[in-house]
Amino acid sequence: MSTMPPAGSLLSATGLHKTYGSTAALDGADFSIHPGEVVAVMGPSGSGKSTLLHCLAGIVPPDSGTITYAGRELSAMNDAERSALRRGEFGFVFQFGQLVPELTCVENVALPLRLTGVKRRQAERTALEWMARLEVAEIGRKRPGEVSGGQGQRVAVARALVTGPRVLFADEPTGALDSLNGELVMQLLTEATRSANAAVVLVTHETRVAAYSDREIVVRDGRSRDMERAV
Ligand code: ADP
């Protein structure tokens, strides 16, 4: 098997293996995504989807295999290089938005900019622009505990995109929402990321959520395969 990344891909992986004790979470998984593409990673619970996402995002180092991001071998970077890459180039949304409860929604969205040294007024102005795209600008002064689950997830998406990442990693981003709110989050998430030309690695076990992607990859027993979508 070739270890060259597929032509034009932004982020790719070949032959990923990751073992926890006697469990092979990844057993030769491959992956690739182009700039601006939305790829759904599907498969049953325990099949290795989250492990794949964590490896691709540089959070968990694989035992073996190669991960390439924008021509650089992510799997060969040290911790400091990988965390610089995560801060600068990647955004994250998880099942529960993980907003800071003490901060208002706009302060939450502005936080990644504040951490890179952007002044409060400028950071909050940019934060509000992203919140407007996610249709949650009106709840800017509320705290996460005072908004609905769907609104909180849209705030979390705004926070993930505020620094202009090239890749958004979303692990079951609608998993805690009812179907109507899940659809709205997916619609706004894909609109916002497409307008920013950011790629999305979307882990989900729901066909309805995967339908928002351009392409689907199915993971089974730690191995991945591309699906031809029946349209
Ligand atoms: P999925 O996201 O498809 O549900 P995961 O990637 O979370 O699958 O898990 C794949 C397998 O690896 C499972 O058997 C899970 O129990 C195991 N696993 C994942 N992370 C860990 C960990 N940190 N420690 C031990 N086992 C793990």
Q | Number of the exception - Leu74 against (1) more than 16 Å from the ligand (Cβ to nearest atom); (2) out of contact with any helix residue (DSSP H, G or I) (no Cβ under 9 Å at 6 or more places or on another chain) | A | (2)
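Residue check: is Gly8 more than 18 Å from Val203 (Cβ to Cβ), near the ligand (Cβ under 8 Å from one of its atoms) and not hydrophobic (A, V, I, L, M, F, W, C)? Show your work before the answer.
On the way: more than 18 Å from Val203 (Cβ to Cβ): yes; near the ligand (Cβ under 8 Å from one of its atoms): no; not hydrophobic (A, V, I, L, M, F, W, C): yes.
It is false that Gly8 is more than 18 Å from Val203 (Cβ to Cβ), near the ligand (Cβ under 8 Å from one of its atoms) and not hydrophobic (A, V, I, L, M, F, W, C).
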Q. Which one of these does Ser64 not meet: (1) crowded, with 16+ Cβ neighbours inside 10 Å; (2) more than 9 Å from the ligand (Cβ to nearest atom)?
A. (1)
**Q.** Residue count for the range 83-119, restricted to those that are free of Cβ contacts under 8 Å to residues at least 40 places away in the same chain and assigned to a loop (DSSP other than H, G, I, E, B)
**A.** 4
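Only one of Thr51, Thr23 is free of Cβ contacts under 8 Å to residues at least 24 places away in the same chain and within 16 Å of the ligand (Cβ to nearest atom). Can you tell me which? Can you show your working first?
On the way: Thr51 fails: free of Cβ contacts under 8 Å to residues at least 24 places away in the same chain.
The conditions single out Thr23.
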Q.
Could you go through the range 94-101 and let me know if any residue there is within 14 Å of the ligand (Cβ to nearest atom) and modelled with pLDDT of 95 or more.
A. no
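Could you list, in sequence order, all residues of the range 189-212 that are over 19 Å from Ala158 (Cα atoms) and either without any contact (Cβ under 8 Å) to a residue 12 or more places away in the chain or polar (S, T, N, Q) (or both)? Explain how you work it out, then say what you get.
Residues of the range 189-212 over 19 Å from Ala158 (Cα atoms): 204-208, 210-211.
Selection gives Thr204, Thr207, Ala211.
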Q | the range 1-33: number of residues that are hydroxyl-bearing (Ser, Thr, Tyr), touching a strand residue (DSSP E or B) at 6+ places or on another chain (Cβ under 8 Å) and either assigned to a strand (DSSP E or B) or over 14 Å from Gly65 (Cα atoms) (or both) | A | 5
Q: Could you run through the range 34-58 and say how many residues are surrounded by 16 or more Cβ atoms within 10 Å (Cβ to Cβ) and either in contact with a helix residue (DSSP H, G or I) (Cβ under 9 Å, 6 or more places away or on another chain) or part of a loop (DSSP other than H, G, I, E, B) (or both)?
A: 14
Q. Can you find a residue in the range 181-204 that is within 16 Å of the ligand (Cβ to nearest atom), outside any strand (DSSP E or B) and over 14 Å from the mean Cα position of the chain (by Cα)?
A. no
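The values are calculated or read from the model by the stated rules, or taken from the named source; none is laboratory data. Because the structure is predicted, anything quoted here is derived from the model rather than measured. Neighbour counts are summed over all protein chains in view; Cβ atoms, including those assigned to glycine, are modelled from backbone coordinates with ideal geometry.
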